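All remarks here apply to the structure that follows.
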Amino acid sequence: MQEGSKRLRGVLQSLVSEGAITTEQSQLIDARFEALEGAQSRKSIFAEIAAYLGGAFVIIAAIFLAATIWDEAPRPARVGSLAALFILLLIISHILSDANAMRLRLTSVLSMGAAISATAAIAFSYESGNSAPWGPFLAGAVISLYSFIRYRHEILHIGAYGYLFITGFMVLSIFGKIEPEDSVAYPFYWVVLASIWLYLAWTRMIDQTLGYLIVSATFFIATQFLFVTDHRLISYLVAIVIAPTLGWIYLQDRRWPLLLGSVAITTLITGEFVAATLGGSLGALLGLLAAGIALITTSMVAIRKAQHSS
């Protein structure tokens, strides 16, 4: 609708310049069109809200209805109902597609619902025993990632990354019985995944602000996981590489999640390092001091660069 407003204003300006209509008539037509556009926009919003509420009511009713018969239902019935839900959601999301912003949001929600339904259907189709259910989550990751590549919406962005974050953790568990706290493979997987996402955000293949925020959070979790599981030296080394990298990228592409991630990692790791070596509250204070210095230095460099570029 905004594109239509721009085109209408262009046509009205040309008609005024040609003398076909007066300026007052042009303003009157533009005002009437804006009022109509606002009404249509409000109708679209109300329709979208109604769709979400209707879907929520259906889901709640289905959950309570299924709860009464789910335990007694045979496994084929459970798997079949979830598989049918997956197919139905996938078909509806494909029909809606991304014709406009409202349909894109609905498509994204339904696509994630399809991924979750497929995960549940596969999980109920076999007994995983004591092993991690990597198969169902892998299927959900493939579906959500495919949907994200096709539609590129924020909901699918978060959903696909969340599936990849958890699925890799579970897939690693099938290669050995090593607990996560005894192996660096798990946090290193997160570092690799975040590095790939960082490259995608840097090359503008995904939304940069959201991508950088997810990357910074993942790096922070990985470094803290390494520290908590007594892989402290590795956590220091990883932080020494990651924090300056995020800071350098921030100087090139000033997005706030990069600075936030760099400062957060620097603050925690520096405080933990000093606290582990010197002990006491001095460590936290020195960590805060180091983070403040890093923040001030980075900001001054960024401001100077912006002044030179202007």
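Below is a table of values for the structure above.
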| item | result |
| --- | --- |
| For THR229, distant residues with modelled amide H under 5 Å away | none |
| Cβ-Cβ FRET estimate between ALA20 and LEU251, R0 fixed at 51 Å, reported to 0.05 | 0.45 |
| Cα→Cβ-extended label distance, 7 Å offset, between VAL192 and ILE91, nm | 3.9 |
| Inter-label distance for ASP207 and ILE149, nm, one decimal - labels placed 7 Å from Cα along Cα-to-Cβ | 2.0 |
| Coordinate range along principal axes, alpha carbons of region 159-245, Å, largest first | 38, 28, 14 |
| P(r) of region 96-241 over all Cα-Cα pairs, binned every 5 Å from zero, in whole percent | 2, 10, 16, 18, 18, 16, 11, 6, 3, 1, 0 |
| Share of carbon and sulfur in the accessible heavy-atom surface of region 218-260 [1.4 Å probe, %] | 72 |
| With all protein chains modelled, accessible area of HIS231 [1.4 Å, Å²] | 40 |
| Solvent-accessible area of ASP98 with every protein chain in place, 1.4 Å probe, in Å² to the nearest 10 | 80 |
| MET170 - accessible surface, heavy atoms, 1.4 Å probe, Å² rounded to 10 | 30 |
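The values are calculated or read from the model by the stated rules, or taken from the named source; none is laboratory data. From a predicted model like this one, the values you see are computed outputs, not experimental measurements. Cβ: placed from backbone, ideal geometry, glycine included. Neighbour counts: every protein chain shown. Surface areas here come from the heavy atoms of the whole protein model, side chains and all, with no ligands, DNA or RNA. Shrake-Rupley method; radii C 1.70, N 1.55, O 1.52, S 1.80 Å.
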